[in-house]
Amino acid sequence: MTSKKKAVLAFSGGLDTTYCAIYLSKIKNYEVHAVTINTGGFSDEEINAIEKHAYQLGVKTFTCVDERNNFYEKVVKYLIYGNVLKNNTYPLSVSAERISQAIAIAEFTKKINADAVVHGSTGAGNDQVRFDMVFNSMIPDVEIITPIRDMKLSREDEINFLKEHDVKMDFEKSAYSINKGIWGTSVGGKETLTSNLTLPESAYPTQLQKEDECEIILHFKKGELKGINEIQFKNPVDAILKLQELASPYAIGRNIHVGDTIIGIKGRVGFEAAAPMVIIKAHHTLEKHVLTKWQLYWKDQLAAWYGNWLHEGQFLDPVMRNIESFMKDTQQNVTGKVFVKLKPYHFSVTGIESDFDLMSAKFGSYGEMNKSWSGDDVKGFAKIFGNQVAIYNQVQKMNEDHAE
């Protein structure tokens with residue numbers, strides 16, 4: 001008897017991956033191994049429900065891979081080091097997660113020596129490219145199967161197919177698509193398909209619960225969040241989750257991002273990312289005190305490029321490791337306290353304390369008094385520093401006078 005081919009299915013339990021599970025086992029006769037990658041978006045109850053659903057669909061095995069720490073160490077940490085906000089707005093919540101998920105799926109596929117890897121992406125979004133690119137790099141000899149994309153299936157096509165195979169699930173489509181992880185939650189709906197409408201208050205998963213201002217102290221060590229107020233954390237993931245718990249009741253970190261997709265069209269997505277936005281802004285403020293002008297300048301250039309290349313699925317490009325090495329090296333003195341005030345729908349970074357603060361008063365106070373040079377020193381410096389421009393203007397005037 002010929003054994004069945006093995007297929008690893010990236011499984012969320014939603015309509016698309018439910019279709020894939022039935023299609024692979026009933027139509028294509030694959031032995032299906034469903035895998036859910038937890039990058040921070042699932043509770044234990046949700047994982048248990050997904051597992052139960054997977055086995056009801058007839059999969060051979062179900063595995064949940066806890067990728068939260070790897071996601072932080074390999075991706076999120078560098079987004080913090082780089083203060084990465086796509087188009088100065090979006091903390092790359094979903095795109096960063098997808099890369100981590102794709103890598104974990106590829107590793108699992110190699111582990112069980114599967115013949116095929118399957119994802120439920122459609123042909124209209126970024127995720128199809130991210131998953132395919134990682135799989136092509138890490139498991140080039142494994143077939144990639146994407147039933148929804150390849151057969152151009154509509155939602156109605158999928159529902160009819162599943163009903164024909166007696167699949168029992170809630171087929172009602174939610175008004176909003178929610179994707180939750182430790183680095184933010186995306187929110188998509190009818191408003192994000194337009195250029196002029198904003199998401200209603202009710203669309204965001206976290207509603208305003210607190211209205212009294214609250215000041216918190218964030219403790220950074222070499223660029224990583226290690227403490228909040230009096231609590232110290234061994235695991236930065238726990239620090240992020242604790243900050244999310246403190247900040248999200250203020251309904252902060254909300255926005256709508258519009259940008260260029262990998263496939264060349266503009267797209268909009270809403271998001272709420274209280275902890276990521278506070279961390280990035282606090283970290284950036286600390287850096288402005290402890291890094292030099294040119295450290296800040298070059299890190300900004302490389303970080304913007306790094307974030308875009310990650311967004312477009314190019315995480316495995318070796319140049320990304322080169323940039324990570326640079327960013328990590330810049331964090332040696334990014335240590336200190338950052339004071340943050342939380343308010344309804346808003347937060348502000350009020351100041352920092354650091355042993356590495358380059359704004360130390362012993363070197364002088366901006367606009368008031370200096371302690372390192374004399375007035376004559378400044379006169380000479382200004383003359384030399386502006387000499388090239390002065391020469392240019394003199395030559396221009398000479399030529400204008402000659403022309404007259």
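Residues being without any contact (Cβ under 8 Å) to a residue 12 or more places away in the chain, over 21 Å from SER100 (Cα atoms) and either open to solvent by 10 Å² or more (accessible area, probe 1.4 Å) or of a type in the set (Ser, Thr, Tyr) (or both) are represented in region 326-342 by at least one member. Take the conditions of a type in the set (Phe, Trp, Tyr), crowded, with 24+ Cβ neighbours inside 10 Å and either at pLDDT 95 or above or at positive phi (or both) and apply them to TYR55. Does it pass? Judged against the criteria, TYR55 is not a match. Evaluate the following for ALA282: is it of a type in the set (A, V, I, L, M, F, W, C), surrounded by 18 or more Cβ atoms within 10 Å (Cβ to Cβ) and either out of contact with any Lys or Arg (no Cβ under 7 Å at 6 or more places or on another chain) or on the phi < 0 side of the Ramachandran plot (or both)? For ALA282, the condition - of a type in the set (A, V, I, L, M, F, W, C), surrounded by 18 or more Cβ atoms within 10 Å (Cβ to Cβ) and either out of contact with any Lys or Arg (no Cβ under 7 Å at 6 or more places or on another chain) or on the phi < 0 side of the Ramachandran plot (or both) - is met. When every residue of region 30-39 is checked against the conditions, at least one turns out to be crowded, with 20+ Cβ neighbours inside 10 Å, touching a residue at least 40 places away in the same chain (Cβ under 8 Å) and under 30 Å from LEU286 (Cα atoms). Close contacts from region 206-222, counting a first residue that is farther than 18 Å from GLU272 by Cβ and a second that is open to solvent by less than 100 Å² (accessible area, probe 1.4 Å) and among the hydroxyl-bearing types (Ser, Thr, Tyr), with Cβ to Cβ under 7 Å and a gap of 6+ residues or different chains, come to PHE220/THR335; LYS221/THR335; LYS222/THR335. Do we find that LYS111 is of a type in the set (Lys, Arg) and within 22 Å of LYS4 (Cα to Cα) in this structure? Yes, satisfied.
Tell me, yes or no, whether region 205-227 has at least one residue that is assigned to a helix (DSSP H, G or I) and surrounded by 16 or more Cβ atoms within 10 Å (Cβ to Cβ). For region 205-227, residues assigned to a helix (DSSP H, G or I) and surrounded by 16 or more Cβ atoms within 10 Å (Cβ to Cβ): absent. Considering only residues in region 343-382 that are assigned to a strand (DSSP E or B) and either aliphatic (A, V, I, L, M) or open to solvent by less than 40 Å² (accessible area, probe 1.4 Å) (or both), the one that is modelled with the lowest pLDDT turns out to be GLY364.
Of the helices (runs of 4 or more DSSP H) lying entirely inside region 62-121, the ones with 2 or more residues being of a type outside the set (Gly, Ala, Ser), within 21 Å of GLY13 (Cβ to Cβ) and open to solvent by less than 20 Å² (accessible area, probe 1.4 Å) are found at 93-111.
Among (1) modelled with pLDDT of 95 or more; (2) in contact with a Ser or Thr (Cβ under 9 Å, 6 or more places away or on another chain); (3) under 29 Å from PRO200 (Cα atoms), where does GLY259 come up short? Against the list (1) modelled with pLDDT of 95 or more; (2) in contact with a Ser or Thr (Cβ under 9 Å, 6 or more places away or on another chain); (3) under 29 Å from PRO200 (Cα atoms), GLY259 comes up short only on (1).
Restricting to region 152-167, name every residue that is surrounded by 12 or more Cβ atoms within 10 Å (Cβ to Cβ) and outside any helix (DSSP H, G or I). Within region 152-167, LEU153, HIS165, VAL167 qualify. Inclusion of SER25 among residues that are in a helix (DSSP H, G or I) and closer than 25 Å to PHE161 by Cα is warranted. When you scan region 255-266, do you find a residue that is within 19 Å of ILE99 (Cα to Cα), surrounded by 19 or more Cβ atoms within 10 Å (Cβ to Cβ) and out of contact with any Asp or Glu (no Cβ under 8 Å at 6 or more places or on another chain), even just one? No, there is no match, as no residue in region 255-266 is within 19 Å of ILE99 (Cα to Cα), surrounded by 19 or more Cβ atoms within 10 Å (Cβ to Cβ) and out of contact with any Asp or Glu (no Cβ under 8 Å at 6 or more places or on another chain). Residue count for region 168-178 satisfying the condition of being within 30 Å of GLY253 (Cβ to Cβ) and surrounded by fewer than 18 Cβ atoms within 10 Å (Cβ to Cβ): 7.
The values are calculated or read from the model by the stated rules, or taken from the named source; none is laboratory data. Please read all numbers here as calculations on a predicted model, not as lab measurements. No Cβ is skipped: glycine too gets one built from the backbone with ideal geometry, and neighbour counts run over all protein chains shown. Keep in mind that these areas ignore ligands, DNA and RNA; they rest on the heavy atoms of the full protein, side chains included. Shrake-Rupley method; radii C 1.70, N 1.55, O 1.52, S 1.80 Å.
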